[in-house]
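Take a look at the structure below.
The values are calculated or read from the model by the stated rules, or taken from the named source; none is laboratory data. Remember, it's a predicted structure, so these values are computed and weren't measured experimentally. As a convention, Cβ positions derive from the backbone with ideal geometry for all residues, glycine included, and neighbour counts pool all protein chains shown. Surface areas here come from the heavy atoms of the whole protein model, side chains and all, with no ligands, DNA or RNA. Shrake-Rupley method; radii C 1.70, N 1.55, O 1.52, S 1.80 Å.
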Amino acid sequence: MTTPALLEPEGVFIADMTGELSSSTGRYTKRLSELAAIYSDTAALEKAIAEGSDPVIYEVVEYRKSGSDIFFGTTVMNPGVVGEEFYMTRGHFHAQRDMGEIYYTQSGTGLLILESRDGVTREIEMKPGVCAFIPPDWAHRSVNTGTEKLVFVWCCNQSAGHDYGEILRRGMRKRVLRRGTDIVVVPNPSYQ
Ligand code: M6P
Ligand code: ZN
């Protein structure tokens, strides 16, 4: 067996309010028009886009080194709603069912919603200082329920992969809505 080459250790500074990494290897942005399938209020979504605003919902910045098992990065979520529904990520299971993840919130507030394949649902509050443990085989979606950016650091195995399948089609079993000044978690009618 050949010995793998040693990678260079590095301290990466992460700006807590912007999620910017002092050293990064890739990034992508998701705008509302690319996430049309995940919001239930199609009229509100189409109106927002027709009015000329196709807002950035979230940006992912990553630090990935070939030859390493783990990689990490930040997700920066803007605040906002589509109809009553707070801005959120697509949500996914990992393609590798034995691989979990952690989410450490640096700034802002949100809700991490999770569900198992047989329909058990959980919510974890996202706020500075909370490190959420996402065990293997739980689907996870983050929702910005605050009025500021939600910035969190994530770390998982590079092989974990994303499985969007069923969640893209039907959504998750719970939805997170703004009702007046309240944040409410309600059942998704697609599962009734
Ligand atoms: C986190 C990580 C990423 C994920 C991103 C957005 O940053 O879990 O792997 O891609 O959130 O989530 P999604 O891909 O579900 O939209
Ligand atoms: Zn994940």
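So, restricting to strands (runs of 3 or more DSSP E) that lie completely within the range 120-192, which ones have at least 1 residues that are touching a residue at least 40 places away in the same chain (Cβ under 8 Å) and within 16 Å of the chain's Cα centre (by Cα)?
On the way: elements: 121-126, 131-134, 138-144, 150-157, 174-179, 182-187.
Strands (runs of 3 or more DSSP E) meeting the threshold: 121-126, 138-144, 150-157, 174-179.
For the range 91-119, give me the residue count where each residue is part of a loop (DSSP other than H, G, I, E, B) and touching a Lys or Arg at 6+ places or on another chain (Cβ under 7 Å). Write out each step before concluding.
Restricting attention to the range 91-119, the residues satisfying the condition of being part of a loop (DSSP other than H, G, I, E, B) are 91, 95-100, 108-109, 117-119.
With the extra rule that they be touching a Lys or Arg at 6+ places or on another chain (Cβ under 7 Å), the set shrinks to 91, 108-109, 119.
Summing the residues that are part of a loop (DSSP other than H, G, I, E, B) and touching a Lys or Arg at 6+ places or on another chain (Cβ under 7 Å) in the range 91-119 gives 4.
Can you name the number of the only condition in (1) more than 16 Å from ligand 2 (Cβ to nearest atom); (2) of a type in the set (A, V, I, L, M); (3) closer than 21 Å to residue 171 by Cα that residue 17 fails?
With (1) more than 16 Å from ligand 2 (Cβ to nearest atom); (2) of a type in the set (A, V, I, L, M); (3) closer than 21 Å to residue 171 by Cα applied to residue 17, the lone miss is (3).
Conditions: (1) in a helix (DSSP H, G or I); (2) open to solvent by 50 Å² or more (accessible area, probe 1.4 Å). Residue 53 meets all but one. Number of the miss?
Looking at each condition in turn, residue 53 falls short on (1).
Tell me, please, whether a residue that is in contact with an Asp or Glu (Cβ under 7 Å, 6 or more places away or on another chain), among the acidic types (Asp, Glu), more than 16 Å from ligand 2 (Cβ to nearest atom) and closer than 27 Å to residue 181 by Cβ can be found in the range 85-100.
Keep residues of the range 85-100 that are in contact with an Asp or Glu (Cβ under 7 Å, 6 or more places away or on another chain), which gives 85, 92-95, 97.
Next cut, among the acidic types (Asp, Glu) only: 85.
Now drop any that are not more than 16 Å from ligand 2 (Cβ to nearest atom), which leaves 85.
Imposing the further condition that a residue be closer than 27 Å to residue 181 by Cβ reduces the set to 85.
The answer is yes; a qualifying residue exists.
Take the residues in the range 1-38 that are over 26 Å from residue 106 (Cα atoms) and touching a helix residue (DSSP H, G or I) at 6+ places or on another chain (Cβ under 7 Å); name whichever of them is most open to solvent (accessible area, probe 1.4 Å).
If we take residues in the range 1-38 being over 26 Å from residue 106 (Cα atoms) and touching a helix residue (DSSP H, G or I) at 6+ places or on another chain (Cβ under 7 Å), then 37 is most open to solvent (accessible area, probe 1.4 Å).
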